[in-house]
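The values are calculated or read from the model by the stated rules, or taken from the named source; none is laboratory data. In this text, all values refer to a predicted model and were calculated from it rather than measured experimentally. No Cβ is skipped: glycine too gets one built from the backbone with ideal geometry, and neighbour counts run over all protein chains shown.
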Amino acid sequence: MRANSFLSSLRLSPALRILLTAPLLAGCAVGPNYSKPDMKTPDSFAAETTPLSVPQATEADLTAWWTQFNDAELASLVSRALAANLDLQSAASRVREARQQEIIAGAAGAPNISAIGNAAHLHSGRNFLSQLGGGQSSTSSSSAGAPPSGGTDVSLYSLGFDATWEIDVFGGVRRSVEAARAGSEAAHWEMRDGEVTLTAEIATEYIALRAAQTRLALLQGELKSQNATLDLISARAKTGFVTELDVNQQYALKAGTEAQIPSLEAQVTLSQHAIAVLLAADPNSLAAELNTAQFLPDIPASLPVGLPSDLLRRRPDVREAERKLAQAIAEQGVAIAALYPKFNLIGGLALSSNAPGSLFNFTSLGELALGMISWPIFHGGEAHANIRAKDEERLQAYLAYQKAVLTAVQDAEDALARYAAEQRRYVSLNAAVSRDKSSTAIASQQYRAGLTNYINVLTAESNELQASDQQAQSKQALAADIASLYKALGGGWKDDDNDLGQPAPPSDTDPR
């Protein structure tokens, strides 16, 4: 009421009063409205028969799937990586940027109001302005008797506001806001997909590290045993109980074992480097922490994999693709709105006076109100070409969403197939290791009793070492398959915006 009374006292024109008091006029937004596509997925995963760990069609919380390995070091590494990883920090920055774009898009539908102020002083030496009634004349004479000179001085002061307002009749601005919001949500899910990838990478590298350390310990233990055997055979060769052939064969076996150690030592170092960089740390910074060897994690008794339809909600890359489709459809509406007229209201209020003291007086108030309509008639087919281009972008986004869904199902099916096959291989290798150990013991006993050649002992030891190494590699593959499976299922993120954080303050090397 007070605002209306104030405006009434100003005796504004009806057009300007509408500009200042009327809400934004808006009609229906042109262009297609978005609805989420109905994507078909299989009723269940085609999981193969597994002898050790059975996939189950029950859904579980996969937010921190790596904790099932019961490895405190792995859990610590993942937690630190999620907080410090540079790629995640960049993704979080893109989310914050996208949310600012939402504000920018929404600002186009709000009034644009500016404050203005002017002060001007004009002087005319020919009395031109005074003839127009615009000022006061003044004369002056010189002490030297020079002829008088006339002049006019004019001072003008003004304060006021001007406003422009585009009325979103056909929804172009609203479609722009929809597109910006969908883009912001797509950036959000891109960041979540980065978390899924990061946790899987940390787990895979950590498993590779522990597998290399396990295999290295196996070789070093075997090498110690082979050195003891070589000493024994060498001593027996000196007494004539065995030939030099047995010594050479044992030495060759020992040298072959030694030759495998450097590559595993390098693998340990490379995995340490990879993990450190994922934590945004110096490559050698985790060497002391990770040098202590640990066993590979045990295989879980069951895996809750859920249903393929769960992937549409749980996989961040699928949700990102769906949001990009929504963004493309909204941008199509923006392009269609460009065919329709634009309605703008322009207004201004100004206090004008030739003296500062009388400036703040309603009698010096001036106003301007203007309604403007612009309608594109001929732009060389630009608007229609833009609509067709946006339609193609919408089609591309839809196809990308379809592919994301199919890829998600394929990733899960592939991971389950690899996991099932590796379990069968692991069971066979366990049986082989057991048999090879027995064969080595029997061959050694027969050799000491003089019942067999030493070549049989070498063959048995070589087979046992090879089978034990393959067993360790198979256990590594099983653990890596679990990480791959949970990545395929979209595990490793939680819907919490607190991890967006704030941008770090600029430093001397920061381009900002």
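When ALA417, ALA385, ALA404, ALA389 are checked against the criterion of being assigned to a helix (DSSP H, G or I) and more than 29 Å from the chain's Cα centre (by Cα), ALA385 stands alone in meeting it.
Do you know which of the residues in segment 425-463 that are surrounded by 15 or more Cβ atoms within 10 Å (Cβ to Cβ) and touching a residue at least 60 places away in the same chain (Cβ under 8 Å) is nearest to ASP246 (Cα to Cα)? Filtering segment 425-463 for residues that are surrounded by 15 or more Cβ atoms within 10 Å (Cβ to Cβ) and touching a residue at least 60 places away in the same chain (Cβ under 8 Å), the one nearest to ASP246 (Cα to Cα) comes out as TYR454. The residue of segment 366-393 that is farthest from PHE170 (Cα to Cα), among those that are surrounded by fewer than 19 Cβ atoms within 10 Å (Cβ to Cβ) and charged (D, E, K, R), is GLU367.
As a summary of the residue check, PHE241 satisfies the conditions (1) of a type in the set (Phe, Trp, Tyr); (2) exposed (fewer than 14 other Cβ atoms within 10 Å of the Cβ); (3) within 45 Å of the chain's Cα centre (by Cα) except for the one numbered (3). Test ALA480 against the criterion of being assigned to a helix (DSSP H, G or I), under 48 Å from the mean Cα position of the chain (by Cα) and either surrounded by fewer than 22 Cβ atoms within 10 Å (Cβ to Cβ) or in the same structural domain as GLN249 (by TED's automatic domain parsing) (or both), and give yes or no. The answer is yes for ALA480. Of the residues making up segment 235-261, just one is in contact (Cβ under 8 Å) with a residue 60 or more places away in the chain and over 27 Å from LEU218 (Cα atoms), namely VAL242.
Restricted to segment 270-378, the set of helices (runs of 4 or more DSSP H) holding at least 1 residues that are basic (Lys, Arg), outside the structural domain of ALA81 (by TED's automatic domain parsing) and in contact with a strand residue (DSSP E or B) (Cβ under 6 Å, 6 or more places away or on another chain) is empty. Every condition in (1) at pLDDT 90 or above; (2) farther than 26 Å from ARG314 by Cα is met by ILE455 except one, and the failing one is (1). Which of the residues belonging to segment 254-281 are within 30 Å of ILE455 (Cβ to Cβ) and not basic (Lys, Arg)? Hits for segment 254-281 are ALA255, GLY256, THR257, GLU258, ALA259, GLN260, ILE261, PRO262, SER263, LEU264.
If you go through segment 239-250 one residue at a time, do you hit one that is within 15 Å of TYR454 (Cβ to Cβ) and touching a Leu at 6+ places or on another chain (Cβ under 6 Å)? Yes: segment 239-250 contains one or more residues that are within 15 Å of TYR454 (Cβ to Cβ) and touching a Leu at 6+ places or on another chain (Cβ under 6 Å).
From the list ILE299, ILE336, ILE329, which residue is within 18 Å of ASP71 (Cβ to Cβ) and in contact with a helix residue (DSSP H, G or I) (Cβ under 8 Å, 6 or more places away or on another chain)?
One residue alone meets the criteria, ILE299.
The requirement of being surrounded by 14 or more Cβ atoms within 10 Å (Cβ to Cβ), hydroxyl-bearing (Ser, Thr, Tyr) and either in contact with a helix residue (DSSP H, G or I) (Cβ under 6 Å, 6 or more places away or on another chain) or within 30 Å of ALA483 (Cβ to Cβ) (or both) is fulfilled somewhere in segment 399-413, by at least one residue. The number of residues in segment 290-335 that are closer than 30 Å to LEU264 by Cβ, touching an Asp or Glu at 6+ places or on another chain (Cβ under 8 Å) and at pLDDT 90 or above comes to 1.
Taking each residue of segment 397-420 that is closer than 14 Å to PHE45 by Cβ and looking for partners that are of a type in the set (Gly, Ala, Ser) and not in a helix (DSSP H, G or I) with beta-carbon atoms closer than 7 Å, six or more apart or interchain, yields GLU413/ALA46; LEU416/ALA47; ALA420/ALA47. Look at ASP496 and say whether it is of a type in the set (Asp, Glu), without any contact (Cβ under 8 Å) to a residue 24 or more places away in the chain and surrounded by fewer than 20 Cβ atoms within 10 Å (Cβ to Cβ). In short, yes. Of the helices (runs of 4 or more DSSP H) that lie entirely inside segment 72-135, those containing 3 or more residues that are at pLDDT below 85 span 128-131.
In the condition set (1) under 29 Å from the mean Cα position of the chain (by Cα); (2) buried (at least 17 other Cβ atoms within 10 Å of the Cβ); (3) not hydroxyl-bearing (Ser, Thr, Tyr), LEU307 is compliant with all but (2).
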